[in-house]
Amino acid sequence: MKVIIIGGGIGGLAAALQLLKAGLDVHVYEQAPRITEIGAGIQISPNASRLLHRLGLKPAMDAVGVRPLAVHQRRWDDGRTLQRAPVGSEVETTFGAPYYHFHRADLATLLAEALPPERLHLGHKLVDLAQRGERVTAHFENGAHVEADLLVGADGIHSRVRTLVFGPEKPRFTGCVAWRGLVPAERIKHLGIEVASHNWMGPDGHVVHYWVAGGRMMNVVCVVEHGDWTQESWTDRGEVADVLARYEGWHATVRSLIGAFPETFVWALHDRAELPRWSDGRVTLLGDACHPMLPMMAQGAAQSIEDGAALASLLKAMPGAIAGALARYETVRKPRATKLQQASAANRKRFHLPDGPEQQKRDEAIAASGDRSIANIGWLYGHDAANVSQ
Ligand SMILES: Cc1cc2nc3c(=O)[nH]c(=O)nc-3n(C[C@H](O)[C@H](O)[C@H](O)COP(=O)(O)OP(=O)(O)OC[C@H]3O[C@@H](n4cnc5c(N)ncnc54)[C@H](O)[C@@H]3O)c2cc1C
């Protein structure tokens, strides 16, 4: 069975490796001239890291990933930790795989390097596709065209595949804008920040930060409610002074981190409503192409890795029954991805509550049990997406 994947992001590359391991003839077509990721961090929880470990990637992941000890939920003004949920050895022992923090470029590179080079086709921008009987043909801007038994659109939130198959529909602006910065460790040594993920919640905004690149840099993302911004680029430069102004009155650690940004980039966060169907004939979707979500569960990439695992298991188990495998893929994956889209949107509201009765109720609930405690997170971290029945 020949499968072509459109898009060499984390989702497309991970899916290619999983499909290859399942014995399929897989090729990835990426529009960019090389595999790159923006200068930012990414958290990979055990539900995704276990799938990558199975591909033999553990040594490469351990070489560049940081293994956090905990997740702190903190107050914006006094810095109080409401809950410190362990994600170190306790999580690895319980769920059989570790939690990692990566620089995105490190993760993308290790995935791309694991793929045989002849299976990765750079500089191929999909412009059109055609389905005829049980075959699908992809047409690229450079004039190339390729035929396969199955085409997988892993081409992100602006998916061309999605538009071609299900019609045009723009991603919606969520009302949130994010600034990001990567701070060299030596600039913030004096702050003594634990190897953990810290989530500072405050009125109309939150800040998340964690170590990446083997601990050489701190990834910081500052998200605010900002209804009138619409530019969705990961590479628009922002002004550090604007970020500091927006976080006036926040705890000194937050302000010191922002003040240490060598540069900052700003972008508007978009998502999409649940897509009614993911597949049509010999074409299906995965990752942000079918279920983009706000980052407040840190699960977008993890879910794209899970998609690839489920698809690979089903295509392996049901050779010659692609339609059945795709139907099952959607049945097993869509409810979980949709639940995470909704949970991410709900967290946006929870994280941004103004001080008052609702915020006090939230803080008490977090302190009492915590949604990240091992007892409460099994549904997310313990899930094995490759383990799907036909
Ligand atoms: C601030 C922020 C923080 C986040 N943090 C986390 C986190 O901690 N953990 C987590 O799991 N997720 C996180 N996410 C979500 C995560 O970044 C995405 O869900 C994930 O990167 C999606 O991967 P993808 O492969 O589906 O799409 P993309 O990464 O968008 O990749 C799509 C690829 O397709 C290519 N492409 C597009 N169109 C074409 C075409 N026509 N032809 C050929 N190629 C094409 C693109 O060039 C790109 O390489 C975060 C998101 C944001 C915004």
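The values are calculated or read from the model by the stated rules, or taken from the named source; none is laboratory data. The structure displayed is predicted, hence computed values, not measured ones. Heads up, the Cβs are rebuilt from the backbone with ideal geometry, glycines too, and the neighbour counts pull from every protein chain shown.
Points to keep in mind about this one:
- Verdict on L286 being buried (at least 22 other Cβ atoms within 10 Å of the Cβ), over 21 Å from the mean Cα position of the chain (by Cα) and modelled with pLDDT of 95 or more: no
- The lone exception for T36 - which of (1) at pLDDT below 95; (2) within 13 Å of the ligand (Cβ to nearest atom); (3) more than 22 Å from H158 (Cβ to Cβ); (4) β-branched (V, I, T) it fails: (3)
- Residues in the range 103-130 that are assigned to a strand (DSSP E or B) and out of contact with any Gly (no Cβ under 7 Å at 6 or more places or on another chain): H121, L126, V127, D128, L129, A130.
- Here the strands (runs of 3 or more DSSP E) wholly within the range 172-223 that include at least 1 residues being within 12 Å of the ligand (Cβ to nearest atom) and charged (D, E, K, R) are 172-184.
- Test set (1) within 30 Å of V136 (Cβ to Cβ); (2) within 14 Å of the ligand (Cβ to nearest atom); (3) crowded, with 23+ Cβ neighbours inside 10 Å - L150 fails condition number: (2)
- The residues on offer are K361, K334, K316, and the sole one that is within 16 Å of the ligand (Cβ to nearest atom) and basic (K, R) is K334.
- Which numbered condition S344 fails, given (1) over 23 Å from A70 (Cα atoms); (2) surrounded by 19 or more Cβ atoms within 10 Å (Cβ to Cβ); (3) not charged (D, E, K, R): (1)
- Test: residue in the range 260-276 that is away from the ligand (no atom under 12 Å from the Cβ) and free of Cβ contacts under 8 Å to residues at least 24 places away in the same chain: yes
- Tabulated pairs, the range 1-27, first more than 11 Å from the ligand (Cβ to nearest atom), second of a type in the set (S, T, Y), C-beta under 9 angstrom, 6+ apart or interchain: Q18/S313; A22/S313
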